[in-house]
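Here, each number is a calculation from the coordinates, and none is a lab measurement. Just so we're clear, the structure is a prediction, and the values are computed from it rather than from any experiment. Note that each Cβ is placed from the backbone with ideal geometry, even for glycine, and that neighbours are counted across all protein chains shown.
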Amino acid sequence: MDEKNKETVVLGIISQGISKFDKISRESNVEPKDLEPILHKLENSGLIKVDEKKGWLGTKIEINPTEEGYKEFERKLKILQEKWNQLEDTYKSGNKQELKQKLREDKSFLPSMMMFGIIDMIMFSMMFSMIGTSIGSFIQDEDMGGMDDGADDIGESDTGNDGGFDIDIGF
């Protein structure tokens, strides 16, 4: 995931109410060493504020979005939604080459779209099926953060399950 998208993801995670450094790192799938400069940049831009609260057990640091931060995240979310809508329209047009080109152009936005639930995974898998490739050729494993449930690719799993039902009737 490129730096701009990491910033969007981090701002989105914070806007969703997650305010602790370690939880932001875990939820955004951004390493702590990479998260710190992102947080400084967001703070310097006035998109987040860092609050220190004194308690019985010491100082507690909370990271919260500013009003401007909420607005910026909403703006970026709208842009991601528009990009997804364009991908869907291209898929529906049936033009494989144009779809492949748009997927390449929007490659860096795909993990952010997944994280914020913009992507319809069924439609997404049909897009890759249409162009005859796998999601893995477009999105790196580390960018899938939380999306990988043990499957190597859409429709495949390590268990060899053929998708049928396993019913135990007690005999």
Q. Could you list, bin by bin from short to long, the percent of Cα-Cα pairs of the range 32-105 in 5 Å steps?
A. 3, 14, 14, 14, 12, 11, 10, 9, 6, 3, 3, 2, 0
Q. Taking the Cα atoms of the range 3-68 alone, what are Rg (to one decimal) and Dmax (as a whole number) in Å?
A. 11.5, 38
Q: Go ahead and run the numbers for FRET between Thr66 and Met130, Cβ-Cβ distance against an R0 of 45 Å, rounding to 0.05.
A: 0.60
(Q) Need one number: nm distance between label points at Gln86 and Glu52, each 7 Å from Cα along Cα→Cβ, rounded to one decimal. (A) 4.4 nm
(Q) Longer than 32 Å from Cα to Cα, which of Lys54/Lys107; Lys33/Lys76; Lys23/Lys107; Lys23/Lys76 are they? Say none if no pair is. (A) Lys54/Lys107
